[in-house]
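S.K.: Below: one structure in structure tokens.
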Amino acid sequence: MQLSLPYKDYICFDIFHTYFFKIKNIHYVPQCFFMSLTLCVTQSLHTVNVNFPLLLCSSLSLTSSQPHTRARGVQLLSEVLQELEVLISFYENRLKDHHVVIPPVLQGLRALVRDPRNLLLAFQVAKNIIHRGYELGSFTEEMFEVTSCYFPIDFAPPPNDPHGITREELVVTLRDVLVGTPKFAEFLLPLIIEKLDSDVQSAKLDSLQTLTACVTGYEHKDLAEFLGGLWASLRREVFQTASEKIESASLAAVTALTSCLSRSVLKSDSEDSLHSFLELVLKGCKHHLCEPDLKLVWPSAKLLQAACSASNRAGHIITSAVMPLLTEQYHSRTESLFLAFRPSLCSMVFSALVETNASLQITAASVLTLLAQQTGLLLDSDIELAVDHLTRLLLTEDDDRVRSACVKHLLSSGRLLDVYVRISMFCLNLINVLIMTEVMDQDNNTVASEQSSHHALRQRCMAALAMASTQPSVVLESTPVLLEVLSSAHTGNVTRFSVAEVVLACHCLQKIAARAQDTEETGRCFHDVIIPRLLCLALQAALRGEQLLQLAGQTASRAVSLFLDGDVSFLPDNSFPSHLQLLKVGILSSQLVCLLMACVCTLPRSVEVPQIDRLLSQLEEMSCTCSHQLSYSSAAKCFAGLVNKRPQGDSLDRLIQGTMARVCSELDSTSSPLRSQAFTLMIWVAKALLLRYHPLITTLTDKLFSLLTDDHLGLLAADGFSLLMTDSVDILNRSCHADVRIMYRQRFFSENSPKLVQGFNAARQEKKPNYLKALSNIVEKLPKQVQVTELPALLSLLLEALSCPDQGVQLSTLSCLQPVLVDPPPALIQQLEALFSRLLALTSSPSMVSFTSFVLPFRARVLRALARPLDDRKRLVRQEAVQARAEWFLLGSPGGR
């Protein structure tokens with residue numbers, strides 16, 4: 001049946017009136033009914049096909065005066081409810097009906113419980129009715145009463161609630177209903193005033209937030225009758241509340257009320273509600289600004305500020321009334337309330353500053369700042385003594401918190417007192433300390449520990465000096481001292497200032513430039529003094545840097561001549577035999593090749609090593625023929641360090657190819673006694689080329705892969721991958737000026753991981769562990785984010801690595817898997833059974849770790865497996881097993897992880 005809008009409206013409100021308004025005591029409403037009703041109220045203004053006769057018939061049956069007719073209506077509704085499995089308490093009142101109605105009511109109750117979804121749905125229906133513009137007419141008060149009876153919402157979701165209905169969701173939906181129309185104002189505002197008297201904090205907060213929300217759509221005529229009651233409640237909450245949330249919500253409501261009254265359009269015969277409301281505000285707050293008791297000054301000021309910020313007109317009214325009063329107070333009350341207690345207060349604070357308790361010192365410094373803010377309270381002698389105390393703590397106290405508090409309070413109090421005298425005095429004290437400790441350090445009798453203490457003291461002075469240097473007069477005094485510290489780096493006199501102090505001086509000058517006041521005097525100081533001095537120092541450093549490079553080249557030349565030709569003429573003691581052969585294989589002095597490495601492999605790449613070709617030839621010979629491990633290892637590292645820095649070109653390529661031919665000749669001969677030496681040279685040259693992305697690195701890595709199946713060098717080759725991926729401490733690093741490209745590990749992994757997989761699949765069973773160890777060594781050194789991305793593709797090999805008997809492989813593999821286990825990818829989830837089988841096999845190994853963040857189906861199995869290592873003879877194994885088992889016991893338990 002097709003109905004026009006007016007008849008639809010009539011039926012909707014009739015049904016809503018029957019099922020909702022007339023049943024005041026129920027908490028939930030039949031879901032099937034609201035599904036039908038929502039269909040009605042949410043349609044557009046066009047006509048729709050709805051089965052309204054059925055709804056109307058149901059409505060008439062339930063309200064019939066004949067008991068049997070009402071019974072049939074309830075019977076029909078019960079059957080519908082059973083089909084839809086709804087939750088309802090509608091039948092509560094029907095139990096009081098005629099006895100013939102009771103049986104079908106009981107039949108319906110059997111299918112029903114208490115569910116807040118129905119209440120939420122009811123609020124949504126009411127919201128739709130209001131927000132879609134339906135005329136409530138005579139139903140206005142009833143609509144408000146039937147919804148407001150739930151205000152404020154007092155609902156706590158039951159444990160393990162499957163529906164997820166929260167109190168906040170109900171609060172917001174009900175609030176949308178109550179604030180949806182200004183026609184509710186005459187009912188809502190008295191209700192809010194009533195609820196603000198509640199002792200329940202959540203009810204107060206909900207009422208205040210609802211008030212703030214509703215007045216945004218009200219006009220002055222909606223509020224005029226209730227302004228007095230609202231103001232009394234809001235004022236009480238700000239003056240007496242112990243909750244910051246309540247106070248903030250009350251102030252927000254004051255602002256919203258004032259804003260609403262400010263934007264209302266007034267007629268010639270209407271009362272100015274804004275002026276009336278602000279009179280209440282001023283009457284309740286203004287007199288507190290004049291009282292000697294400061295207890296109510298702050299809440300009064302907050303209320304005045306909240307109203308003042310609502311609009312320009314409100315700000316003008318409040319400012320005009322308050323500013324003359326504040327001005328008069330300022331001029332008439334110059335005395336401090338604490339003046340009579342000044343001596344005892346100062347004595348107490350100064351006494352606390354000399355205590356050893358850090359918290360007491362910090363509190364005393366804060367109290368001292370507050371006393372300094374009281375105009376006319378502290379005498380000049382008090383100020384000077386306060387400066388002395390805080391400066392002493394700043395310079396001598398080891399606790400960083402105390403020093404930070406001293407600087408903070410010195411600066412904050414200085415801004416309120418005589419800034420120039422106060423901070424200048426402070427800076428002069430620091431400068432005197434800097435000069436004094438410099439003289440002390442120059443004393444030859446000063447022990448090292450005392451010098452270290454002086455250096456720390458000067459660093460504190462400089463840091464404090466930079467923080468205090470904000471005024472131009474202070475900048476003129478402090479910057480010359482810092483420039484003097486910086487200049488000491490160029491004098492060569494290391495007894496004056498340490499390198500850390502020189503670096504700190506640069507940072508301090510930078511802080512002064514950022515924090516100093518931008519005045520003409522400050523600008524002239526920087527442009528005429530500081531910047532020219534810094535440029536001068538930088539130029540001197542650059543020229544001295546070239547001189548240092550020349551000295552480095554001279555040192556390298558002397559070292560090469562010593563080791564190649566035995567030239568000892570530059571040594572201070574010439575009692576050595578002539579024509580030494582330090583690189584000759586078989587002599588004890590060949591171990592000194594590590595000194596040659598330190599001299600020539602740490603030079604900048606711009607420094608040319610003399611006789612480089614001859615030196616490389618000698619180092620290669622020693623690397624491949626010497627039997628002493630330290631000698632041939634140092635020679636190989638020195639050779640690699642020089643190769644890494646050689647310019648790209650044919651000369652370098654011929655050198656590498658010649659070295660590889662010799663190395664491969666030794667490695668391919670299984671009977672050669674020099675295979676370990678050849679392998680050591682190859683792996684270090686490979687590292688030198690890998691760091692700089694040299695194209696010939698592929699030749700060396702392919703040879704390294706082939707050695708994984710070698711009977712004697714297989715494990716050594718697997719360990720060689722760790723050397724390739726690990727930062728070297730003494731050579732081939734950035735501090736030695738090596739040519740190190742970014743992301744070389746990622747590049748090596750992406751280019752060679754497929755080769756490892758192919759080699760593993762093709763290798764004999766007894767050689768597979770070598771591939772697993774090599775893979776583990778590579779993956780372990782990759783950045784964590786790269787591991788997470790790349791590991792799924794290598795998961796099958798990593799699972800195999802967990803079965804490797806080598807404990808080093810187990811540990812590195814577990815460390816590789818750990819970041820992936822936090823958020824397992826699909827590939828790992830599919831391998832859970834295989835993973836847990838291998839992890840459980842490790843429970844008796846010292847490399848055991850606990851993986852408790854996985855799935856519950858393995859819990860019982862893991863606990864059984866972890867019971868065995870509890871009796872292990874190794875204490876570490878037992879300790880790890882106890883910890884792991886405890887973690888797994890908690891897994892899945894209430895309160896557990």
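S.K.: How many residues, within the range 523-579, are part of a helix (DSSP H, G or I), farther than 15 Å from residue 606 by Cα, at pLDDT 80 or above and not aromatic (Phe, Trp, Tyr)?
M.R.: Adding up the residues that qualify gives 18.
S.K.: So is residue 592 surrounded by 11 or more Cβ atoms within 10 Å (Cβ to Cβ) and at pLDDT 75 or above or not?
M.R.: Working: surrounded by 11 or more Cβ atoms within 10 Å (Cβ to Cβ): yes; at pLDDT 75 or above: yes.
The answer is yes for residue 592.
S.K.: Something else about it: Please work out if residue 789 is assigned to a helix (DSSP H, G or I), at pLDDT below 90 and open to solvent by 70 Å² or more (accessible area, probe 1.4 Å).
M.R.: Numbers: assigned to a helix (DSSP H, G or I): yes; at pLDDT below 90: yes; open to solvent by 70 Å² or more (accessible area, probe 1.4 Å): yes.
Criteria met by residue 789.
S.K.: Here's another thing I want to ask about it. Output the residue which, of all residues in the range 737-780 that are of a type in the set (D, E, K, R) and under 27 Å from residue 807 (Cβ atoms), is most open to solvent (accessible area, probe 1.4 Å).
M.R.: For the range 737-780, the residue satisfying everything is 764.
S.K.: List every residue pair whose Cβ atoms sit under 9 Å apart, with the two residues 6 or more apart in sequence or on different chains, where the first one lies in the range 869-888 and is at pLDDT 85 or above and the second, anywhere, is small (Gly, Ala, Ser) and surrounded by fewer than 14 Cβ atoms within 10 Å (Cβ to Cβ).
M.R.: What qualifies is 881/867.
S.K.: Pairs under 6 Å by beta carbon, first residue assigned to a helix (DSSP H, G or I) in the range 396-422, partner at pLDDT 70 or above and open to solvent by 80 Å² or more (accessible area, probe 1.4 Å), six or more apart or different chains?
M.R.: 416/373
S.K.: Please specify each residue of the range 495-520 satisfying the condition of being within 14 Å of residue 485 (Cβ to Cβ), touching a Ser or Thr at 6+ places or on another chain (Cβ under 7 Å) and either at pLDDT below 85 or open to solvent by 70 Å² or more (accessible area, probe 1.4 Å) (or both).
M.R.: Across the range 495-520, the qualifying residues are 496, 497, 502.
S.K.: Would you check which residues across the range 155-169 are closer than 19 Å to residue 202 by Cβ and either at pLDDT 75 or above or among the β-branched types (Val, Ile, Thr) (or both) and list them?
M.R.: Correct list: 155, 156, 157, 165, 166, 167, 168, 169.
S.K.: Hey, residue 666 hits all of (1) closer than 23 Å to residue 714 by Cα; (2) out of contact with any Cys (no Cβ under 8 Å at 6 or more places or on another chain); (3) open to solvent by less than 50 Å² (accessible area, probe 1.4 Å) but one; which does it fall short on?
M.R.: Going through the list (1) closer than 23 Å to residue 714 by Cα; (2) out of contact with any Cys (no Cβ under 8 Å at 6 or more places or on another chain); (3) open to solvent by less than 50 Å² (accessible area, probe 1.4 Å), residue 666 breaks only (2).
S.K.: Now a separate question. Consider only pairs whose beta carbons are under 7 Å apart and that are at least six residues apart or on different chains; among these, list those whose first residue lies in the range 802-817 and is surrounded by fewer than 21 Cβ atoms within 10 Å (Cβ to Cβ) and whose second residue is at pLDDT below 70.
M.R.: Short answer, once both residue conditions are applied: 807/845; 807/846; 807/847; 811/847.
S.K.: Mind listing whichever residues of the range 356-369 are over 34 Å from the mean Cα position of the chain (by Cα) and open to solvent by 50 Å² or more (accessible area, probe 1.4 Å)? Let's see the steps before the verdict.
M.R.: First, pick out the residues of the range 356-369 that are over 34 Å from the mean Cα position of the chain (by Cα): 356, 368.
Answer for the range 356-369, where residues must be over 34 Å from the mean Cα position of the chain (by Cα) and open to solvent by 50 Å² or more (accessible area, probe 1.4 Å): just 356.
S.K.: Mind checking which residues of the range 720-767 are over 19 Å from residue 689 (Cβ atoms), out of contact with any helix residue (DSSP H, G or I) (no Cβ under 6 Å at 6 or more places or on another chain) and charged (D, E, K, R)?
M.R.: Across the range 720-767, the qualifying residues are 764, 766.
S.K.: On the given criteria, is residue 141 open to solvent by 40 Å² or more (accessible area, probe 1.4 Å), touching a residue at least 24 places away in the same chain (Cβ under 8 Å) and of a type outside the set (Phe, Trp, Tyr)?
M.R.: Values: open to solvent by 40 Å² or more (accessible area, probe 1.4 Å): yes; touching a residue at least 24 places away in the same chain (Cβ under 8 Å): yes; of a type outside the set (Phe, Trp, Tyr): yes.
Spelling it out, residue 141 is indeed open to solvent by 40 Å² or more (accessible area, probe 1.4 Å), touching a residue at least 24 places away in the same chain (Cβ under 8 Å) and of a type outside the set (Phe, Trp, Tyr).
S.K.: Regarding the range 371-389, can at least one residue be identified that is open to solvent by less than 80 Å² (accessible area, probe 1.4 Å), closer than 29 Å to residue 250 by Cβ and in a helix (DSSP H, G or I)?
M.R.: no
S.K.: Can you find, within the range 191-230, the residue that is most open to solvent (accessible area, probe 1.4 Å) among those that are among the β-branched types (Val, Ile, Thr) and in a helix (DSSP H, G or I)?
M.R.: Residues of the range 191-230 that are among the β-branched types (Val, Ile, Thr), as a first pass: 192-193, 200, 210, 212, 215-216.
From what's left, in a helix (DSSP H, G or I): 192-193, 210, 212, 215-216.
Numbers: 192: 0, 193: 39, 210: 1, 212: 38, 215: 0, 216: 96 Å².
This residue is 216.
S.K.: Read through the list (1) β-branched (Val, Ile, Thr); (2) touching a His at 6+ places or on another chain (Cβ under 7 Å); (3) surrounded by 16 or more Cβ atoms within 10 Å (Cβ to Cβ), then give the number of the only condition that residue 246 fails.
M.R.: (2)
The values are calculated or read from the model by the stated rules, or taken from the named source; none is laboratory data. Because the structure is predicted, anything quoted here is derived from the model rather than measured. For neighbour counting, all protein chains shown are included, and Cβ atoms are generated from backbone atoms with ideal geometry for every residue, glycine included. We work out accessible area using only protein heavy atoms, side chains counted, and drop any ligands, DNA or RNA first. Shrake-Rupley method; radii C 1.70, N 1.55, O 1.52, S 1.80 Å.
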